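Chemist: One structure coming up, written as structure tokens, with questions to follow.
Read-outs: derived from the displayed coordinates by stated rules, not from any lab. Worth saying up front: this structure is predicted, and the values here are computed from it rather than measured. Neighbour counts are summed over all protein chains in view; Cβ atoms, including those assigned to glycine, are modelled from backbone coordinates with ideal geometry.
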Amino acid sequence: MKIGWIGTGIMGGPMAGHLQAAGHELYIFTRTRDKAELLLKNGAHWCKSPAEVADNSEIVFTMVAFPADVEEVYLGENGIFSIEGSCRILVDMTTSRPILAQTISRTAEKRGIDSLDAPVSGGDIGARNATLAVMVGGKKAVFDTVLPLFQLMGKTISYMGGSGAGQHTKMCNQILVAGTMIGVCESLLYADKAGLDQQAVIDIIGKGAASCWSINNLGPRIVSGNYEPGFVVEHFIKDMAIALQEADGIGLSLPGLALAHKLYLEVQAQGHGRLGTHALMLALKALNEDPGKKIPGTTKA
């Protein structure tokens, strides 16, 4: 197939690469062309705008950073909807607002185009290894059509319901991850203070009831002091803000998520917004190293 791909960052690049490796012809656009160098070297076609991508592709995937980027890619002056292209299916894999997914779906339908919202979970490791979890909203028939392509990028792919359902499911994922990351970092902080070998702690508790993806995959990075991103802090802050906004809209209080959001804002304030989400450890270390410091929403005075 002729496949369009917009956004070739930490996760988008490897995901597009799996489609290319399977023999599909790629038409790509990303804000920083250098990030698409490997795909271009392997035969992908460079496009000057999202509109040009849509004009040359049967199906277009988007994997960008923020909801504002999604709006620009689809609804902007040179966006996908700015021309009558050959594209017939749109798949946004960005973690974004459910209401935006529904807006894209309605706009696409008026043009005779189908769309899916299909955010993913699994970070850079899942993107590189094609083991992502893909949660999809939209029409079931369209999901069935795109499923073989999803299977090139992920190991677990689930149809969750109508337009926006994929994004709502991703909010559930991020709410769980937010609380889990606090537990991972505090656990390893405690282990260090108690004089334990942190990796040895991971090796045992990562096999018991505390086992989770974060402790087994990000824990070793924390121990080695490697805070390079699999998923960057500032994007996670965006996701938590969306979840809090959605929860507020349905009258739901999520105090745990609110605390995690405040902690990550502190990580960003310390200048670590482009590091990985496990850089939460840096903020917790700073909190304990400065007895007079107080992060809003915590009991530390």
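Chemist: Taking the alpha-carbon centroid of each part, what is the distance from the stretch 205-226 to the stretch 1-49 in angstrom?
Modeler: 32 Å
Chemist: Going by how many other Cβ atoms sit within 10 Å of their own, how do Val177, Val134 line up, fewest first?
Modeler: In increasing order of surrounding Cβ atoms, one gets Val177, Val134.
Chemist: Also: From the alpha carbon gyration tensor of the stretch 2-163, can you work out the equivalent ellipsoid semi-axes (sqrt of 5 times each eigenvalue) and give them in Å, largest to smallest?
Modeler: 20, 19, 14
Chemist: What ranking do 153-165, 32-44 get when scored by the average of other Cβ atoms within 10 Å per residue, highest first?
Modeler: The most tightly packed comes first, giving 153-165, 32-44.
Chemist: With Cβ to Cβ distances under 10 Å as the rule, what net charge do the other residues near Val223 carry (K, R +1; D, E -1)?
Modeler: -1
Chemist: If you take the charge dipole of the chain about its Cα centre, with +1 on Lys and Arg Cβ and -1 on Asp and Glu Cβ, which of Leu38, His235, Val184 is farthest toward its positive end?
Modeler: After comparing all options, I get Val184.
Chemist: Could you tell me how many degrees, from 0 to 90 and to the nearest 10, lie between the Cα long axis of helix 233-249 and the main elongation axis, the longest principal axis, of the Cα atoms of the chain?
Modeler: Helix 233-249 sits at roughly 80 degrees to that axis.
Chemist: When Lys and Arg each count +1 and Asp and Glu each count -1, what net charge do the other residues less than 15 Å away from Gln268, Cβ to Cβ, add up to?
Modeler: Spelling it out: positives minus negatives among the neighbours equals 0.
Chemist: Same structure again: When the chain is modelled as a GNM with alpha-carbon springs shorter than 10 Å, which of Ala108, Ala260, Ala22 fluctuates the most?
Modeler: Looking only at Ala108, Ala260, Ala22, the largest GNM fluctuation is found for Ala22.
Chemist: Which residue fluctuates most in the GNM of the chain (Cα springs below 10 Å): Gly249, Gly183, Gly122?
Modeler: Gly249
Chemist: Strictly over 32 Å apart at the Cα level, which of Lys35/Lys207; Lys2/Lys207; Lys170/Lys193; Lys48/Lys262; Lys110/Lys262; Lys2/Lys140 would you flag in this model?
Modeler: Cα-Cα > 32 Å for Lys35/Lys207; Lys2/Lys207; Lys170/Lys193; Lys48/Lys262; Lys110/Lys262; rest within.
Chemist: While we're looking at this one, here's another question. Give me the extension gain from Ala141 to Asn288: residue separation times 0.36 nm, minus the current Cα-Cα distance, reported in nm with one decimal.
Modeler: Full-extension gain reported as 47.6 nm.
Chemist: Now a separate question. Which FRET efficiency, nearest 0.05, do Leu196 and Lys110 yield, Cβ-Cβ r, R0 51 Å?
Modeler: That pair, Leu196 with Lys110, gives E of 0.30.
Chemist: Within a Cβ distance under 13 Å of Ile202, other residues only, what is the Lys/Arg minus Asp/Glu net charge?
Modeler: Around Ile202, the surrounding residues sum to -1.
Chemist: Restricting to Cα pairs below 8 Å that are 6+ residues apart, what does the relative contact order work out to for the chain? Please round to a whole percent.
Modeler: 13 percent
Chemist: Tell me, Ser121, Ser211 in order of fewest to most beta-carbon neighbours within 10 Å?
Modeler: Lowest count first: Ser211, Ser121.
Chemist: To continue, here is another question. I'd like to compare 12-19, 57-64: which one has the highest average count of other Cβ atoms within 10 Å, and what's the full order after that?
Modeler: 57-64, 12-19
Chemist: Can you sort Leu152, Leu116 by how many other beta carbons sit within 10 Å, fewest first?
Modeler: Leu152, Leu116
Chemist: Any idea what angle helix 280-289 forms with the longest principal axis of the chain, computed on alpha-carbon atoms, 0 to 90 degrees, nearest 10?
Modeler: 20 degrees
Chemist: Quick query: amide H of Gly161 versus all other amide H atoms, modeled in the peptide plane; which residues come in under 5 Å with a sequence gap of 5 or more or a different chain?
Modeler: Answer set, sorted by chain and number: Gly138.
Chemist: Hey, another quick one. Please give the helix 12-21 orientation as an angle from the longest Cα principal axis of the chain, in degrees from 0 to 90, rounded to the nearest 10.
Modeler: Helix 12-21 sits at roughly 50 degrees to that axis.
Chemist: On a full-extension model of 0.36 nm per residue, what is the gain between Leu152 and Cys172, subtracting their alpha-carbon distance, rounded to one decimal in nm?
Modeler: 4.8 nm
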